[in-house]
1. Counting other beta carbons within 10 Å of each residue's own, what order do B:80, B:218 fall into, fewest first?
2. Could you work out how far helix B:86-103 tilts from the main Cα principal axis of chain B, as a 0 to 90 degree angle to the nearest 10?
3. May I ask you to derive the relative contact order of chain A, considering only C-alpha pairs under 8 Å and at least 6 residues apart, and to give it as an integer percent?
4. Neighbouring Cβ atoms within 10 Å as the yardstick, rank B:216, B:244 fewest first.
5. Treat the protein assembly as shown as a sphere of radius equal to its Kirkwood radius over Cα pairs and apply Stokes-Einstein at 4 °C in a medium of 1.567 mPa s; give the translational diffusion coefficient in µm²/s, rounded to a whole number.
6. Across all directions of projection, what mean area in square nanometres is found for the Cα convex hull of chain B?
7. Can you give the convex hull volume of the alpha carbon atoms of the range A:30-157 per residue, in Å³?
8. Running a GNM on chain B with Cα contacts under 10 Å, which residue among B:60, B:69, B:253 ends up with the highest mean-square fluctuation?
Amino acid sequence: METATRVALSRNVAETEQIGERIGALLRGGELLCLSGDLGAGKTALTRGIGRGWGALEPITSPTFTLIHEHHRARDGQKLYHVDGYRLSGAADAWTVGLDELLHGEDVVVIEWPENVAEALPEERLWVTLDFFDDETRQLTFNASGAQALALLRALD
Amino acid sequence: MTLILGIETSCDETAAAVVADGVRMLSNVVASQIDLHAQYGGVFPEVASRAHVEAIYPVVEQALADANVTLDELDAVAVTRGPGLAGSLLVGVNFAKGLALGRGLPLVGVNHLEGHVYSLWLTEREVPIRFPVVCLIVSGGHSEIVRIADHGDYTLLGRTIDDAAGEAFDKVARLLGLPYPGGPAIQRVAEQGDPTAYNFPRALRGEGYNFSFSGLKTAVLRAVQPPHHGKRQPKRERMSADQLRADVNIADVAASFQAAVVDVLVEKTVRAAREHGANEIWIAGGVSANGPLRAAMTAAADVTVRYPPLKLCADNAAMIAAAGYFRFVRGERAALDMDVRPNWPLVARAGATA
């Protein structure tokens, strides 16, 4: 499968959200975005931007407790699922929360802590790794696999 | 006398209870799954669903036996319909439906957050409740300020824009190497610490009624980890001493973190009560068990402050039965095709009560 990688720096939370907003505006439906990074790296901030760019009617909040938040927008019936793998472990858990059903639809799926359910995730995806560069700055590494993710990454350039 | 059987399986707890007339608790059985979850540092959904299936029958039987009530004497079954984990909610809802169908009992679906509000009804009261009230609902999944004009009449004033307060407690506890659940662990350690040692951020203090705890979590991370800490931690492990900054005093960090959370919760709730003509302030949900939060709210408020007894702060079914009673007497009945609502808000988007 064709893959591509890009690296970007974000100087603060606001910039992370702006990057997310650009990604959100480019989503067509059916994408899987995997956001990987430690506590405080900015995964939820990036998702907040993605939700805004995509047009979510409800603000994006942490789904850690409820595990899956379903978001709607006014434009059409497309949904954005915000999933948190923080408490999940392995394919069995992913199946219990119904992740497989979300992943094969026409909706957008954004998943935090994707490494916890890695075996349940399809290979076609945009994998974003958020690393601490210093206290404020984060390094975002984008790994795209598959045609849809590659097109998304190119559009972001 | 109206007898309601309440059933709650939205998250950690399999619970059943019998409540008379919405205010008198005849039984309250909670089969906690907390030991099961402690090793995972959070809710483990697959285990949760499975354990609910195993626990629900004996828990309901126990609740009836403790109340000395038979199924024939019940007036209705109330069950949590959401918000929560879909697989867990289904266990309670399907059990309640079976009971309703088999015994010809009316079925009532209850919002879990509304349940927390009604935990306040189950307390001894010297002074009767006077609406309107402003209620702070704080738990692992929720942080909301709600104005309650009357039974079932809610207006959402504010909510978290990122992490819930209880979630912040859990995640900071993990950073500090403290056990799950984080709330009691942090409160205990904080007793030995200096709440002014660190000046952690109070996000949005004095502005509106929304909360933000994500920045606070990051600030704690920065305070305890070595500078420019870029190496990623394996998820299941807690921080060990050598991963924390050498000069970190965990008690001071815990106390300062707790002080920051309490400060924001109290400031916004008290201001909301004042600006929305509330006669009382209520605190409900798991975080309402926090001692410093109770003390600070009572000290800062100029109206009556009420909170549930400790055993009713965490998830339980008595609160579901109490909330169900008030829906039942308003004539609400759920059909047997009632579905679970994992994302059910207490107040719908348009501002109307769901």
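1. B:218, B:80
2. 20
3. 33
4. Ordered from fewest to most neighbouring Cβ atoms within 10 Å, B:216, B:244 come out as B:244, B:216.
5. The diffusion coefficient I find is 55 µm²/s.
6. If I average the Cα hull's projected area over directions, I get 17.8 nm².
7. Dividing the Cα hull volume of the range A:30-157 by its residue count gives 107 Å³.
8. Evaluated over chain B, the most mobile residue of the options is B:69.
Values quoted throughout were computed directly from the atomic coordinates according to the rules given, and no laboratory measurement underlies them. The model shown is predicted, which means the values in this text are computed figures rather than measured ones. A quick note on method: Cβ atoms are made from the backbone with ideal geometry, for glycine too, and the neighbour counts reach across all protein chains shown.
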